[in-house]
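First up is the structure itself, then whatever we jot down about it.
The values are calculated or read from the model by the stated rules, or taken from the named source; none is laboratory data. Quick caveat, the model's predicted, so the values are computed rather than measured. Every residue, glycine as well, gets a Cβ built from its backbone with ideal geometry; the counts of neighbours run over all protein chains shown.
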Amino acid sequence: MGFSYFPHTAADIGEMLKRIGVDGLDDLYADVPRSVIFDGDYDLPDAMSEMEVRRRFEELDRKNRHLTIMAGGGAYDHYAPAVVPALTRRSEYLTAYTPYQAEISQGTLRYIFEFQSMIATLTGMDCANASMYDGATAAAEAMMMAMAATRKKTRVLLSSTLLPQVREVVHTYAKYHGVELSEIASADGQTDIDDARRLLEAGDVAGVLVPSVNRFGIVEDLSGFAEAAHAQKALLMVYADPSALAVVRTPGEWGADVACGDAQTLGIPLGFGGPYVGFLACSKEHVRKLPGRIVGATTDVDGKRAFVLTLQAREQHIRREKANSNICSNQMLCAIMATMYACTMGPCGMKEVAEANIAKAHYLAQKLTELPGFKLRFNTPFFNEFVIDSEIPADEISTALKDAGIVSGLVLADGGMLWCATEMTTKEDIDYLIEMLNIMFFEQDGENETDGGTEA
């Protein structure tokens, strides 16, 4: 009990332990295997001054390397204009969260409303909520919306071409909510509509969840999915990448009832696993089934424009266990970043970025397929990702490129590689990648093995 950094006295701790019915602090860890509990002394340095700490971290920083990132798979390296981090670092945004006394925080409600409006515009839907935790939970909540909207139905169809992490979270939600999931097969890397129709005709389907740009980077043709779902009184839910929606058909244009996805591609920098921010939007018909916070615009007693939390009867702080969902809004800082990014770029800027993604990805695909034994797996339109199969094991390629400062395409379970290029990927980056692959795998003593010494 002699730890000076504990805010409680020994008496305080003893009283708390007595209240919960345990004898000591070690009892709190009774369920943790002893084999994973650290029993040694912590190798911590002596106390340092602020100046010494700063110098220490500067030393550590100098050990970092700049890496060229050519991996995606749900987390993408995009550029955020300088104005976005500059504004989001302002103190009034750093603790941003929807207050329960909402109407006294008009500024907070205003930027949430702007986020909703931006998402609704991008997706082509009627309304959106005040963000979700990430794309995967947004997809899971979309599934629950379909269940709530169709009531007694028990099945949801899930495309096999959705991102693996999205499917895993949806499966977790389904397990504990009694939802039966049926997976739609793929054909040539896309969701097979014939298989979807077969599963729909079997009956008892509440909704169909399909991607707009799928796990292979393919821009899916979703023609006929809305008609097939609606014919069986099921909802169509489309998982979309908002950065692609400036150039591809929106969920609304495909006839979707619900749109979901992750807005990390809108100016939120890559971190080691986060943060992310999900979005969820729907047609007006289903707005009362939408989980989380919704901000609406109105006028106050003086006739001035004002913002309020609306349709709160759906939420957990009023309906408790009978609420649409126990999920609440995401930490709004991420939603603010996405909103500021979209406002800064505007429709023209977002279109230019999307077109740059396409151009860079196609140049990368062209250069990779010029290498011996490298080929595109799918001959279909793609956005900023694509799958390459090669005669060289993918693990060997990935390991070798790390030493050259390149984060290669993701190694897939079937041995393929999912390569990605964004506006952050330069022509020089791609040419350097190809040069390294030539040196590492196709040249010997400075000569190309495949063509007698000429450059590949």
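Name, by its number, the condition in (1) under 29 Å from ILE268 (Cβ atoms); (2) at pLDDT 95 or above that does not hold for ALA404.
For ALA404, the failing item is (2).
Restricting to the stretch 289-317, and then to whatever is basic (Lys, Arg) and not in a loop (DSSP other than H, G, I, E, B), can you tell me which residue is farthest from ALA139 (Cα to Cα)?
ARG305
Determine whether HIS78 is under 25 Å from the mean Cα position of the chain (by Cα) and either at pLDDT 95 or above or not small (Gly, Ala, Ser) (or both).
Values: under 25 Å from the mean Cα position of the chain (by Cα): yes; either at pLDDT 95 or above or not small (Gly, Ala, Ser) (or both): yes.
For HIS78, the condition - under 25 Å from the mean Cα position of the chain (by Cα) and either at pLDDT 95 or above or not small (Gly, Ala, Ser) (or both) - is met.
When you scan the stretch 183-195, do you find a residue that is under 27 Å from ARG288 (Cβ atoms), out of contact with any Ser or Thr (no Cβ under 6 Å at 6 or more places or on another chain) and surrounded by 14 or more Cβ atoms within 10 Å (Cβ to Cβ), even just one?
no
Anything in the stretch 399-430 that is under 17 Å from ARG65 (Cα atoms) and either over 24 Å from the mean Cα position of the chain (by Cα) or free of Cβ contacts under 8 Å to residues at least 24 places away in the same chain (or both)? List them, or say none.
THR399, ALA400, LEU401, LYS402, ASP403, ALA404, GLY405, ASP429
Taking the criterion of being under 24 Å from THR250 (Cβ atoms), in the same structural domain as GLY273 (by TED's automatic domain parsing) and part of a strand (DSSP E or B), would at least one residue in the stretch 130-142 satisfy it?
Yes, the conditions are met somewhere in the stretch 130-142.
Against the definition (more than 22 Å from TRP419 (Cβ to Cβ) and either modelled with pLDDT of 95 or more or in contact with an Asp or Glu (Cβ under 7 Å, 6 or more places away or on another chain) (or both)), how does ALA196 come out, yes or no?
Considered against the rule, which asks whether it is more than 22 Å from TRP419 (Cβ to Cβ) and either modelled with pLDDT of 95 or more or in contact with an Asp or Glu (Cβ under 7 Å, 6 or more places away or on another chain) (or both), ALA196 comes out as yes.
Considering only the stretch 24-99, give the helices (runs of 4 or more DSSP H) lying wholly within it that have at least 1 residues that are over 30 Å from MET417 (Cα atoms), in contact with a Leu (Cβ under 6 Å, 6 or more places away or on another chain) and of a type in the set (S, T, N, Q). Show your work before the answer.
On the way: elements: 50-61, 83-88, 91-94.
Those helices (runs of 4 or more DSSP H) do not exist here; none qualify.
Could you go through the stretch 143-153 and let me know if any residue there is closer than 19 Å to ALA226 by Cα, out of contact with any Lys or Arg (no Cβ under 9 Å at 6 or more places or on another chain) and assigned to a helix (DSSP H, G or I).
yes
Test of understanding: among ALA359, ALA365, which residue is free of Cβ contacts under 8 Å to residues at least 40 places away in the same chain, outside any loop (DSSP other than H, G, I, E, B), outside the structural domain of VAL295 (by TED's automatic domain parsing) and over 25 Å from ALA120 (Cα atoms)?
On the way: ALA365 fails: free of Cβ contacts under 8 Å to residues at least 40 places away in the same chain.
Residue meeting the stated conditions: ALA359.
With the checklist (1) under 16 Å from the mean Cα position of the chain (by Cα); (2) touching a residue at least 24 places away in the same chain (Cβ under 8 Å) in hand, flag the one item ARG167 doesn't pass.
Result: ARG167 passes all but (2).
Given ILE397, ILE439, ILE392, which one is farther than 30 Å from SER212 by Cβ, not assigned by TED's automatic domain parsing to the domain that holds ALA187 and not in a loop (DSSP other than H, G, I, E, B)?
ILE439
Return the residues of the stretch 191-243 that are closer than 19 Å to ALA354 by Cβ, out of contact with any Pro (no Cβ under 8 Å at 6 or more places or on another chain) and not aromatic (Phe, Trp, Tyr); say none if nothing qualifies.
PRO211, VAL213, ASN214, GLY217, ASP221, LEU222, ASP241, PRO242, SER243
Go through THR161, THR108, THR172 for me and flag whichever is assigned to a helix (DSSP H, G or I), surrounded by 18 or more Cβ atoms within 10 Å (Cβ to Cβ) and in contact (Cβ under 8 Å) with a residue 12 or more places away in the chain.
It is THR108.
So if I check each of PRO347, PRO372, which one is more than 19 Å from GLY217 (Cβ to Cβ), more than 23 Å from the chain's Cα centre (by Cα), not charged (D, E, K, R) and not in a strand (DSSP E or B)?
PRO372
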